[in-house]
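Here the structure comes first, spelled out in structure tokens, and everything after it is commentary.
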Amino acid sequence: MAILYLDIETTGLDCETNQVISIQVQVDNNPLEILPSWETDEPTILLKCIDKMKGLIAMEFVICVGFNILKFDLPFLFSRSCRYELLSSNELFAHFFTDLAHIDLRQVLLAYNKWRFKGLNWDNVLKKYGFPPAKGKGDVPRWFANGQYDKILAYVTSEFEPIPTIYWKIRKGDIRKDYFLK
């Protein structure tokens, strides 16, 4: 079994008009891999991500883990990949959704937030687990437009690094039932 941790940065929230700036992936305990669009282009990083997923799925059972991946990251990647016709929509749907399992930390943590999405954002989760918030939230599109790629790399790294730790804390039961309750 492999665990594929995933996060993306985009120029906005609309997958029809905005693009993927970077894709962050980490397999198990291997180093974080950042796929930046500014070094190539959006279709190239999407294809690299798809190829990584396909390669893992061909070898073993894969669990994709991230925060809000079912509502944002995976649908955004799917939509943008369909737009460029990187594979058929059926193949893309299989690679992003049906051929692997998903653990969306936002969904998992609902039980610890009175079954409400309100207040259940990544910054609050980081705070509850003792991590500092990633500095620059909301600035990534501007940094991208201004060519400030070093700032993007620092931000995506600091935002991504807690994902595996938080996943394992939840998996081991290192969380109280009233953890998010006030």
Kindly indicate whether any position in the stretch 40-50 is assigned to a strand (DSSP E or B) and surrounded by 17 or more Cβ atoms within 10 Å (Cβ to Cβ). no
Name the single residue, out of those in the stretch 14-38 being touching a residue at least 24 places away in the same chain (Cβ under 8 Å) and of a type in the set (Val, Ile, Thr), that is surrounded by the fewest Cβ atoms within 10 Å (Cβ to Cβ). Val27
I need a count of the residues in the stretch 120-141 that are within 14 Å of Phe67 (Cβ to Cβ), of a type outside the set (Asp, Glu) and surrounded by fewer than 17 Cβ atoms within 10 Å (Cβ to Cβ). 7
Which of the helices (runs of 4 or more DSSP H) contained wholly in the stretch 70-182 include at least 2 residues that are free of Cβ contacts under 8 Å to residues at least 24 places away in the same chain? 74-83, 89-93, 122-128, 140-145, 149-160, 162-171
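Here are some residues: Lys71, Lys48. Which one is more than 23 Å from Ala154 (Cα to Cα) and touching a strand residue (DSSP E or B) at 6+ places or on another chain (Cβ under 8 Å)? Walk me through how you get there before you give the answer.
Values: Lys48 fails: more than 23 Å from Ala154 (Cα to Cα).
Only one candidate passes the filter, namely Lys71.
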Failed item in (1) at pLDDT below 95; (2) within 19 Å of Ile69 (Cβ to Cβ); (3) of a type in the set (A, V, I, L, M, F, W, C), with Phe180 passing the rest: (2)
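The values are calculated or read from the model by the stated rules, or taken from the named source; none is laboratory data. Since we're looking at a predicted model, the values are computed, not measured. As a convention, Cβ positions derive from the backbone with ideal geometry for all residues, glycine included, and neighbour counts pool all protein chains shown.
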